[in-house]
Amino acid sequence: MAVPEHDPLTGYKTTGHEWDGITELTTPIPSWWVTVFLASCFVAVLYMWLFPSFATTGGYYRGSLGWSSRGDLVDDVAAGRAAQATWRSALVATPIEAIEANEDLRRFATTGGRAAFGQNCAPCHGVGAGGQIGQFPALVDDDWLWGGTIADIYQTIRFGIRSGHEEARDSAMPAFGELISAQEIDAVARFVLALSDPTTLASRQQMPGAPIYATNCAACHGAAGEGGRDFGAPRLNDAIWLYGGTLEDVRKQIVVPRMGMMPAFTTRLDDETIRMLSVYVHTLGGGER
Amino acid sequence: MASNQTEPKGHAIIERSTTLLFVLTLFVILIGGLVEIVPLFKVQETVRPVPGMRRYTPLEQIGRNVYTREGCYTCHSQQIRPFRDEVERYGHYSVAAESMYDHPFLWGSKRTGPDLARVGAKYSNAWHVAHMIDPRSVVPVSIMPAYAFLMNKPVDPEQFGAHMEALRKVGVPYTQEMVDRAADDIRAQASGEDADAMLERYPKAKLGDFDGQPDRLTEMDALIAYLQVLGTLAELPPIDTKVEARP
């Protein structure tokens, strides 16, 4: 049985198949669809030609535009630097002590410094640099371990503290647990606590801990517990404690001292950012002139 | 069932011959296969080597396994993308060579927490310990889970050589010496003692007690040893070096 080439109702061609009297139309694809399809193919080929698209024997095809996301980045970073160029070069050209005297430069530095502080320092020193008792010092007060002038702060941030960097601030309090008896440790711990208690002013030198302190501790912490910045030894005659001010805390520090470690940031941040951070920290409240 | 009298034309030729249909189908699939597979053979040439990269030390690799097991990659990526905001925050964008010893790689695709590709040397060991035991103790707003139990999970240095052997089978080029000395290297890194031979095998490895428990070797030691090495090995040119001028 011959199947009609054309369907009498629609006038379109049939496939020429017939199953139990049912035939199938080969309705052509609408021309708008074919146009869009061919245009898409064209765009795809164009795209492959313009942009990096396929592996070749010697690497990959780089595209006729020579575009790369890494190249874009170089331009983006350069544009960002250029927008801040005046301020950034002024930051580096001005001696660090003189930055704050320039009102505009100080504003630029503290704004940038605050942002960098949030990303790099806040996890340890706390948002707003309030410190974390028992671990990380506050930077908003005027109680400094290593020094609170802007040059001191700049150095601390660049090289860190016990960071392993060759120029890092470094010192180690001896572990007295192996050097003096438990009794002596207890006595000297009580003496340390008395240093910040004004009611013991007259009697404190008679305490059994006093001579132990004079022999073992005064070289770093000072005869009256005023601290020693050359060693980063904290003041012991105030109420600000790095590792806690209870008898137990102090005893623990004497037996096995915890030595705080802060990473060096020269390897991570550029000099401009470190200067901004220095200005930010210095202007938080406790900065020394 | 009726058949057409006329000779088949066009696609009807293919439709009516099983063999032809099979051969042509195979041909079309092969094109797709080649496009996907050929680049794999060229990986060696595509990954540009970077000075400084080395295999993970056994202790770091144990830490890496803990990282994988605990699913840290579900919240942390290890992949800095080449965008200005990312490089300003995290540092140089990640390059392929930095993952060349990763089996499996842990790039991740979700950032509930920050990217960790360059977290090495950003914090002290003491900070990591405090943060892993209770993230809220150092970052009050953190939503990261606590992993305090790692402080009590011992690591057995003796068993790890076999694991390195297995890694070697999937493509990490550990030498026989590295496999044989695994236990010694783990102890040397975690104690900092007699570490010269180990440092020769794995330059720039961080040494010492990581978890603040010098008398014990725990998974916390291993995890922190791993975190502290992330992003510290590759020696990359400054970010604004022109692409063409890169090695």
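The values are calculated or read from the model by the stated rules, or taken from the named source; none is laboratory data. Quantities reported herein were computed from a predicted structural model and do not represent experimental measurements. Here the Cβ is made from the backbone with ideal geometry for all residues, glycine too, and neighbour counts use every protein chain on show. Note: accessible area is taken over every heavy atom of the protein model, side chains too, but ligands, DNA and RNA are not part of it. Shrake-Rupley method; radii C 1.70, N 1.55, O 1.52, S 1.80 Å.
Residues in region A:148-162 that are without any contact (Cβ under 8 Å) to a residue 40 or more places away in the chain and touching a Pro at 6+ places or on another chain (Cβ under 8 Å): 0 in all.
Where in region A:180-289 are the helices (runs of 4 or more DSSP H), entirely inside, with at least 2 residues that are of a type in the set (S, T, N, Q)?
By residue number, A:209-216, A:271-282.
Taking region A:25-99 as the region of interest, the helices (runs of 4 or more DSSP H) fully inside it that hold 3 or more residues being surrounded by 13 or more Cβ atoms within 10 Å (Cβ to Cβ) and among the charged types (D, E, K, R) are A:69-83.
Yes/no matrix, rows are residues, columns are (1) open to solvent by less than 50 Å² (accessible area, probe 1.4 Å); (2) assigned by TED's automatic domain parsing to the domain that holds A:Gln155; (3) within 28 Å of B:Lys206 (Cα to Cα):
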| position | (1), (2), (3) |
| --- | --- |
| A:Asp230 | no, no, yes |
| A:Asn237 | yes, no, no |
| A:Thr267 | no, yes, yes |
| A:Asp270 | no, yes, yes |
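When A:Asp20 is tested against (1) out of contact with any strand residue (DSSP E or B) (no Cβ under 6 Å at 6 or more places or on another chain); (2) more than 12 Å from chain B (Cβ to nearest Cβ); (3) not hydrophobic (A, V, I, L, M, F, W, C), just one condition goes unmet, and that condition is (2). Each residue in region B:54-72 was checked for being open to solvent by less than 40 Å² (accessible area, probe 1.4 Å) and not in a helix (DSSP H, G or I), and 4 pass.
Residues checked against (1) touching an Asp or Glu at 6+ places or on another chain (Cβ under 8 Å); (2) within 10 Å of chain A (Cβ to nearest Cβ); (3) closer than 29 Å to B:Asp209 by Cβ:
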site	(1), (2), (3)
B:Arg54	no, no, yes
B:Met100	no, no, no
B:Ser109	no, no, no
B:Ala126	no, yes, yes
B:Val129	yes, no, yes
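Residues in region B:232-245 that are more than 9 Å from chain A (Cβ to nearest Cβ) and either assigned to a helix (DSSP H, G or I) or under 14 Å from B:Arg64 (Cβ atoms) (or both): B:Leu233, B:Ala245.
Tally up the residues in region B:73-107 that are over 19 Å from B:Leu233 (Cβ atoms) and open to solvent by 20 Å² or more (accessible area, probe 1.4 Å), please.
To start, the set of residues in region B:73-107 that are over 19 Å from B:Leu233 (Cβ atoms) comprises B:73-75, B:81-86, B:88-89.
Applying the additional criterion that residues be open to solvent by 20 Å² or more (accessible area, probe 1.4 Å) yields B:73-75, B:81-85, B:88-89.
Total meeting the criteria: 10.
Scanning region B:73-99 for residues that are of a type in the set (D, E, K, R) and part of a loop (DSSP other than H, G, I, E, B) yields a single hit, B:Arg81. Does B:Gln159 qualify as being part of a helix (DSSP H, G or I) and open to solvent by 60 Å² or more (accessible area, probe 1.4 Å)? Considered against the rule, which asks whether it is part of a helix (DSSP H, G or I) and open to solvent by 60 Å² or more (accessible area, probe 1.4 Å), B:Gln159 comes out as yes.
Mind listing whichever residues of region A:100-127 are among the small types (Gly, Ala, Ser) and not in a loop (DSSP other than H, G, I, E, B)? Quick ask: steps written out before the conclusion?
First, the residues of region A:100-127 that are among the small types (Gly, Ala, Ser): A:101, A:109, A:112-113, A:115-116, A:118, A:122, A:126.
Selection gives A:Ala101, A:Ala109, A:Gly112, A:Gly113, A:Ala115, A:Ala116, A:Gly118, A:Ala122.
Taking B:Gly208 as meeting all but one of (1) within 12 Å of another protein chain (Cβ to nearest Cβ); (2) in a loop (DSSP other than H, G, I, E, B); (3) buried (at least 17 other Cβ atoms within 10 Å of the Cβ), write down the number of the exception. Among (1) within 12 Å of another protein chain (Cβ to nearest Cβ); (2) in a loop (DSSP other than H, G, I, E, B); (3) buried (at least 17 other Cβ atoms within 10 Å of the Cβ), B:Gly208 violates only (3). Number of residues in region B:63-98 that are free of Cβ contacts under 8 Å to residues at least 40 places away in the same chain, at positive phi and within 14 Å of chain A (Cβ to nearest Cβ): the value is 0.
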